[in-house]
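Throughout, read-outs are computed from the coordinates displayed, never taken from laboratory work. Quick caveat: nothing in here was measured; it's all calculated off a predicted structure. Every residue, glycine among them, receives a Cβ derived from its backbone with ideal geometry; neighbour counts consider all protein chains shown.
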Number of protein chains: 4
Amino acid sequence: MTKPNKTTQLREMITRPQQAFLMEAHSGLSARIVEEAGFEGIWASGLSISASLGVRDANEASWTQVLDTVEYMADASSLPILLDGDTGYGNFNNVRRLVTKLEQRGVAGVCLEDKLFPKTNSFIDGNAQPLADIDEFSGKIRAAKDTQNDPDFCVVARVEALIAGHGLDAALERGQAYADAGADAILIHSALNTGEDILEFCEHWAGRAPLVAVPTKYPTVPAARLHDAGVGLLIWANHLVRASVAAMQQTAARIHSNVSIDGLPDLVDVDEIFRIQNAAELKEAERRYLPG
Amino acid sequence: MTKPNKTTQLREMITRPQQAFLMEAHSGLSARIVEEAGFEGIWASGLSISASLGVRDANEASWTQVLDTVEYMADASSLPILLDGDTGYGNFNNVRRLVTKLEQRGVAGVCLEDKLFPKTNSFIDGNAQPLADIDEFSGKIRAAKDTQNDPDFCVVARVEALIAGHGLDAALERGQAYADAGADAILIHSALNTGEDILEFCEHWAGRAPLVAVPTKYPTVPAARLHDAGVGLLIWANHLVRASVAAMQQTAARIHSNVSIDGLPDLVDVDEIFRIQNAAELKEAERRYLPG
Amino acid sequence: MTKPNKTTQLREMITRPQQAFLMEAHSGLSARIVEEAGFEGIWASGLSISASLGVRDANEASWTQVLDTVEYMADASSLPILLDGDTGYGNFNNVRRLVTKLEQRGVAGVCLEDKLFPKTNSFIDGNAQPLADIDEFSGKIRAAKDTQNDPDFCVVARVEALIAGHGLDAALERGQAYADAGADAILIHSALNTGEDILEFCEHWAGRAPLVAVPTKYPTVPAARLHDAGVGLLIWANHLVRASVAAMQQTAARIHSNVSIDGLPDLVDVDEIFRIQNAAELKEAERRYLPG
Amino acid sequence: MTKPNKTTQLREMITRPQQAFLMEAHSGLSARIVEEAGFEGIWASGLSISASLGVRDANEASWTQVLDTVEYMADASSLPILLDGDTGYGNFNNVRRLVTKLEQRGVAGVCLEDKLFPKTNSFIDGNAQPLADIDEFSGKIRAAKDTQNDPDFCVVARVEALIAGHGLDAALERGQAYADAGADAILIHSALNTGEDILEFCEHWAGRAPLVAVPTKYPTVPAARLHDAGVGLLIWANHLVRASVAAMQQTAARIHSNVSIDGLPDLVDVDEIFRIQNAAELKEAERRYLPG
């Protein structure tokens, strides 16, 4: 029995009663690791991708450079990927091109946020960041939905009103406008470490459309509590890149200090790298396609 | 006092009496971590780059995709980078274009190995891999040297004869031919875990040209022992990607098992990511260039 | 009524009794011009693409740079495109990746030729160019066919034996081997200006598989004559790039000589450029998606 | 005697008493044709590049896709290139990255215009297009000048006030602000077919900084008249792409109608393509670098 399309898998994760989870990845390698760990889907995080590339989370990488990165990820994993598409890298027209290219590359959905291009990470001076005009951003959502070929491709609208300090009513107004524009789900974002504003939003939202949350700043709020409040999809947003940084810093420091690679803890073997790359398949294919 | 050019730094590391070390990186992020750990230079490993991209170490990524990756690395670090350029991605003419593009991107040197395109990792069925014709490969080295604009750009010739089972004499013959063709250094590679063949090669080589080694398979041989034998430059070839894999596997497993990101060990804070990205400089620049 | 898939269109062109024609293009712009001229399909010529990029027809552009170019073409036209894929840019494994990526980008088929990587244009020192081993090349064809997802994606095998001076029997042997390996059609290539060797080949081939020809060097042989001989698909291989060069040379010379752009003959208006770009659709979309 | 750097050549063209001319190109091929025609420099036109790629002149191509295109051009020609950099593809920070990458690719300068991202071609609904805030745009100019490594890299500020219908005073105010911000020259743009507004601007400008003009819409105003008024650099902005379109349309129509490539007028030979690609150099290099 073959698996459904990646888009269909993501749509099902967003709409089903059972809670779903996306794990961050930022490269082909991390995407494969997420799949091997048993997750159902991948969050292609803008912060993690920019960090991995060595640039800032401020649209320093062009949208096609992000596209190249997420293509490696889609090729390396059979899981559906939701791309953190920032503000859509321009206006509605840039969003249209983005959606077309994501569908071609096998990416299952895109999340767009209601800030201005070039964007800055929400956790840097959150309050100081201006939001997009509601109608302009709603036009982006409509353009994305009108552009997609695959009816199951998902467009998630991310509401930054709480982080920007605009309060609950503004967040609800925006969420409603974006849902009306056709968004498949609303990602309500917050930097409050209690999660109270998220829970309050959920209560007033009352199930009008699927909800997504990113509990990076409120990790102690249990997933089940968020699910009860109406959050169907939770995103673990940046933890693999943060784990890889810690590990690389420690290993680099040890090698520099020891002037040796002998006896290093916490490394996988080179053979494990070959296994993850599926080198065995290439050996087998060489027998099949190369002469005697 | 400004630092010398990256090419001059790499040349000095290869030619000075004091032993030098290159630490592997495979992305802008890992390149910056290598620099912060105090290393003097970076090995842009073909295995690590391909693993990070999610493809195999068999020239599945095009040479311009490798170039894009090493450009991110060069932008993210002030250290000299020696690119593991595999076989040069074709013939002497492809090598000429590669050298020109590497110089433009600020990469300090390239290492070319005497195998056939598309290559396979040396540690997969080493013995079965055919070597390049000596004259053909020597032509590549000459072409690279004739092409470089910056006299300090470094071309390292990697001898695979020992791994391919051709023995010491063949290795010495190849090393001599490549040095005669203009190689700035000879990388003598081995998969023997005692390092004996490397040491034997060094003894017979007798300092005809600078030597480079990659002790992945013989980590217990001390750096100082190799230095005494004549190896001026040692490469720690793939340990950061191996550390990152172990860390990402563990963290992904924990999050999947806990259904929570609370209390995870071994992660850096999000603020540490911002610091590595130098978000502070952007904030400062916004004050300088954006209106009131 | 919607048009069939691009792959299905190309397959139909190759297999139907009525003769079919592909017109060369080398950019998004030229692809659109081919479509507006009434052609049914596009030949994405390796010579033309390399010339347009400003590099040589010797795999100086990487395979992903070629892929980027053909993606612009596929986006700019609704016609099926057959990519001149040279030798496949490496071995069977590189071919597998190529086929996957071409399918994603909406390219309808690929033509592979039985020479060695990096290739040289067939019309430069044809005789001196070594051919691929038959079994090795047949493995590439099998790998391509096994890789494609869409059953209508077309793999054309190009036989260079006549140009290389190996004679009719060698050409027939190779054509048969490639057809046995699964090639959807055989492109038999010649530099002889009478077309006699092509016609002779056709006679002995006797319809074993669809035939394709490229009459650049024998333009006086009528299409109908080739059709009668069994050539179902004819490729006009490089005439748009050659027309554009002549025009640009003349216009550049005139402007340089006149020190003026007034009264230049043989130019389209700027408005015609906007029309080809479909600027009108963007205007209309702005009304639909931008706020009042 | 070697030629000065490309940046130095462009600076000299902008600042010398004798009038200078840039000819449009949009690809490696057209860049080489411009050089062979005897021009001193190249205008990498945003309209022409987008048209050639098959997209619209509305930032549909990402800035790195434009960068890739201009890199082919810089590689194919020894002439200095001034890139039509639209609005800089974002804010001051995107401009900084752009300048760094252009310098690496050997591009001699960039022209930035005072409109909003994503931009639209100035000749489509000119009046309706909002202009950038003067201070915000001046910050971009300062950021570009602070970023360049090569003191001769040129930053040209393009004033759209006349086309946007803001009148002479607004144009002068903007020109002065951008010159104060460090622009090496002011490009004053107009869609008026008499050129009167340009001449009026020049009179009031009175030589405060070098002036550049693009007489696409006022071709009957002699270059010498503009020079007398103070325009040191004239740009022939899009005529090669327009010539190539006309030629390709005619040739495609002829082939489609004739069902033959025999006796086509107005094409260069295939050998002329090889000559432009410098195939001879590769043949010569093969003798030098390939074995026997």
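Listed values, structure above:
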{"read-out": "Footprinting exposure proxy for A:MET13, B:MET73 (fewest neighbouring C-beta atoms within 10 Å first)", "value": "A:MET13, B:MET73"}
{"read-out": "Axis-nearest residue in chain B [Cβ, rotation onto D], distance in whole Å", "value": "B:GLN104, 3"}
{"read-out": "Prolate/oblate/rounded call for the stretch C:1-51, Cα gyration tensor, a/c under 1.5 rounded", "value": "prolate"}
{"read-out": "Peptide-level mean, for B:32-42, of C-beta atoms on other protein chains within 10 Å", "value": "4"}
{"read-out": "Prolate/oblate/rounded call for the stretch B:6-244, Cα gyration tensor, a/c under 1.5 rounded", "value": "rounded"}
{"read-out": "Exam field: D:GLU281 pseudo-label spacings to other copies (7 Å along Cα-Cβ), nanometres", "value": "3.4, 3.9, 4.1"}
{"read-out": "Ascending list, in nanometres, of distances separating the C:ALA128 label from those of the other copies (7 Å, Cα toward Cβ)", "value": "3.6, 5.9, 6.4"}
{"read-out": "Spin-label model distance (nm) - C:HIS256 vs B:ASP269, 7 Å beyond Cα toward Cβ", "value": "6.3"}
{"read-out": "Overall form of the protein assembly as shown per C-alpha gyration tensor (a/c, 1.5; a/b vs b/c)", "value": "rounded"}
{"read-out": "Shielding of C:81-93 by partner chains, average beta-carbon count, 10 Å", "value": "3"}
{"read-out": "Pseudo-label separations to other copies for D:THR194 - Cα-to-Cβ vector, 7 Å, nm", "value": "7.0, 7.0, 9.5"}
{"read-out": "Residue-averaged [θ]222 nm for chain D, counting only DSSP H segments that reach four residues, each worth -39500 (n - 2.57)", "value": "-14500 deg cm²/dmol"}
{"read-out": "For residues of D:17-30, the mean tally of beta carbons on other chains within 10 Å", "value": "4"}
{"read-out": "Relative contact order of chain D, pairs being alpha-carbon contacts under 8 Å that are 6 or more residues apart, as %", "value": "18"}
{"read-out": "Cβ-based exposure ranking for B:LEU168, B:LEU240, in which fewest neighbours within 10 Å come first", "value": "B:LEU168, B:LEU240"}
{"read-out": "Student exercise, the stretch A:59-214 dipole from Lys, Arg, Asp, Glu Cβ charges, in Debye to nearest 20", "value": "400"}
{"read-out": "Approximate spin-label separation C:ARG208-D:ASN193, in nm, with each point projected 7 Å along Cα-to-Cβ", "value": "6.5"}
{"read-out": "Point-charge dipole on Cβ atoms (K/R +1, D/E -1) for the stretch C:103-145, about Cα centre, debye to 20", "value": "220"}
{"read-out": "Chain B - charge dipole about Cα centre, Lys and Arg +1 at Cβ, Asp and Glu -1, debye rounded to 20", "value": "440"}
{"read-out": "Using distinct alpha-carbon pairs, which all enter the 1/r mean, Kirkwood radius of the stretch D:14-81 in Å", "value": "12.3"}
{"read-out": "Reach of D:LYS119 by Cα under 30 Å, taken over lysines that are not fewer than 8 positions away in the same chain", "value": "A:LYS101, A:LYS115, A:LYS119, A:LYS140, A:LYS145, B:LYS283, C:LYS283, D:LYS6, D:LYS101, D:LYS140, D:LYS145, D:LYS217"}
{"read-out": "Sorted by Cβ neighbour density within 10 Å, fewest at the top, the residues D:LYS145, D:LYS140", "value": "D:LYS145, D:LYS140"}
